[in-house]
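> Below are the C-alpha cells for one structure; questions will follow.
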Amino acid sequence: MRSPHHIPTHSSPFEAHPAPPTPHRRTRRRRRRGRLALKAVASLAVLAAFLTLADRWAVLYAERKAADTLKDRLRLTAAPEVEIGGFPFLPQLVDKRLDSVKVTVPDVAADRVTLAAVSATAQDIRLDGDGPTSVRGARVPELHGDALLSFADLNRELGASQVTFRGAGRDRVAVRGTLPVAGHDLRLRADVRVARDGERG
C-alpha cells in the first residue's frame, strides 16, 4: 500500500496580507491616547483641588472652634484670632500634633490696666483626645508672646505697682515684674532702647 505523497504548499504572491496602518489611522490613535491622558490629568487636578479645599475648610473650622473655646475659658469680651500653621492640616490632626498655633487677643482686661493686644505663638502642640473629631485639650510645651500696652496705662499703673523700670546703661531701660492677666500671673521682662526719631521726636 502506497503512502500518499506530501505535496508542499507555497503561498501565492497574490495572497492577502494585513495592510499597514494608514497615516489617518495612526493620527486617530494618537488623538485617542491624548484625550485619555488629558482626562487623567484633569481628574488628578480636580482631586487635588478637592483635597486642598477640604483641608482648608477643616483648618478654618478648627480655628473657629478654638477661638470660641478660648473666649469661653478665658471669659473674653471678644473671640480671639486663631491661626493654625503648617500644611496640610488634616495629617497633623490625625497625628495629634500641630506644628504651630498663633493666638491674638484684642483688649484684654488685666486688673487695673487694659492690654491693647496680646499675641502668643506655640509650637509642637500635642492634642489630647480619642480621635481627630474628639479633641479634649492640648499640651503646649513652650509659648512665646507679646503684649501691647498703652502709654496711659504704662505711666499710670505699671510704674507704681507690679512692674519696675530702671536704667540699664546708656539709652536703655530694663523692665521687670509680674502682671495679672485673665487670672494668671504673667512674668514681664523687657529691655527697651530709647532712640531719637527725627529732629524733634
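> Treating cross-link reach as a plain straight distance, find the lysines whose alpha-carbon is under 29 Å from the alpha-carbon of LYS102, omitting any fewer than eight places away in the same chain.
LYS65, LYS71
> If you stretched the chain out fully between ARG31 and LYS71, how much longer would it get, using 0.36 nm times the residue separation minus the C-alpha to C-alpha distance?
Here the segment from ARG31 to LYS71 would lengthen by 8.4 nm.
> Give, in nm to one decimal, the length gained when the segment between ASP146 and PHE165 is fully stretched (0.36 nm per residue of separation minus the Cα-Cα distance).
Fully extending the segment from ASP146 to PHE165 adds 5.0 nm.
> Can you pull the one-decimal nm distance between simple spin-label points at LEU38 and ARG64, each 7 Å off the Cα toward Cβ?
The answer from the label model is 3.9 nm.
> Mind giving me the FRET efficiency for ARG187 and ASP95? R0 is 30 Å, r the Cβ-Cβ distance, nearest 0.05 is fine.
0.40
Throughout, read-outs are computed from the coordinates displayed, never taken from laboratory work. As the structure is a prediction and not an experimental result, all values here were calculated from the model. In this analysis, Cβ positions are derived from the backbone assuming ideal geometry, glycine residues included, and neighbour counts consider all displayed protein chains.
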